[in-house]
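In what follows, a single structure is set out as structure tokens and then discussed.
The values are calculated or read from the model by the stated rules, or taken from the named source; none is laboratory data. Keep in mind the model is a prediction, meaning the values are calculated, not measured. Virtual Cβ from ideal backbone geometry, glycine too; neighbours counted across all protein chains shown. Note: accessible area is taken over every heavy atom of the protein model, side chains too, but ligands, DNA and RNA are not part of it. Shrake-Rupley method; radii C 1.70, N 1.55, O 1.52, S 1.80 Å.
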Amino acid sequence: MKKYLKEHFIKHQEDTDDGVSRYTMLYEGCDCCPDKVLEACIWFYQDLMECRVYYNINGQQWCRESKNRDDLLKLLNFINARLWVSMDDGEGGALYSPNYLYTSRFYMTEDFDIVMTTMIPYDFYEVAPLETEDYVTGACPDVLEMLSAHIFCVLLGEMSAEQAIMRVKTEILGEREYV
């Protein structure tokens with residue numbers, strides 16, 4: 001993973017968290033996200049890595065202050081039930097075909113962070129290293145950025161959960177509305 005991050009010029013910080021090795025990354029230029037950034041961490045446990053992508057401290061504050069968190073939970077429940085993160089090589093299939101490698105979970109923490117988490121066993125990472133690295137550094141931040149407008153419109157009371165779900169269905173899942 002370290003080699004991949006360096007080769008792709010992905011700025012990261014290495015440290016430990018409760019004795020566990022961790023990489024922390026900041027993704028800038030995420031136009032739909034609070035302050036146009038996303039943050040991510042990868043913890044390297046004994047048998048697997050845990051990858052989290054989340055909004056910054058301002059996103060956390062908006063969530064903490066919102067009176068619409070119940071609607072957010074409805075939206076996140078829908079996302080967990082229906083959104084499967086597909087990713088590709090960005091080269092039109094020259095390196096590998098589009099696929100669904102991992103199952104992520106979207107949730108709100110007790111500290112009001114809105115997070116996308118994926119657990120990745122090392123034995124599978126060894127089978128598909130490039131696909132996994134692209135998933136962690138590309139697909140996960142892309143999905144959370146795509147969902148940002150829906151999530152924060154709900155939190156800010158600009159959209160109901162039902163409206164946001166309908167927009168996720170049409171804009172992200174590509175479902176057509178039938179009249």
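Of everything in segment 63-86 that's open to solvent by 50 Å² or more (accessible area, probe 1.4 Å) and of a type in the set (D, E, K, R), which residue is nearest to the chain's Cα centre (by Cα)? Among residues in segment 63-86 that are open to solvent by 50 Å² or more (accessible area, probe 1.4 Å) and of a type in the set (D, E, K, R), the one nearest to the chain's Cα centre (by Cα) is ARG82. Pairing each residue of segment 127-139 that is within 16 Å of MET116 (Cβ to Cβ) with any residue that is in a helix (DSSP H, G or I) and open to solvent by less than 40 Å² (accessible area, probe 1.4 Å), provided the two are 6+ apart or on different chains, yields C-beta distances under 8 Å for THR132/TYR125; THR137/TYR4; THR137/LEU5.
Screening segment 99-126 for residues that are assigned to a loop (DSSP other than H, G, I, E, B) and hydrophobic (A, V, I, L, M, F, W, C) and picking the one that is modelled with the highest pLDDT gives PHE112. Considering only residues in segment 143-179 that are in contact with a helix residue (DSSP H, G or I) (Cβ under 9 Å, 6 or more places away or on another chain) and of a type in the set (Gly, Ala, Ser), the one that is surrounded by the fewest Cβ atoms within 10 Å (Cβ to Cβ) turns out to be GLY157. Do we have any residue at all in segment 135-142 that's under 14 Å from the mean Cα position of the chain (by Cα), exposed (fewer than 14 other Cβ atoms within 10 Å of the Cβ) and within 14 Å of MET49 (Cα to Cα)? Checked segment 135-142: no residue is under 14 Å from the mean Cα position of the chain (by Cα), exposed (fewer than 14 other Cβ atoms within 10 Å of the Cβ) and within 14 Å of MET49 (Cα to Cα).
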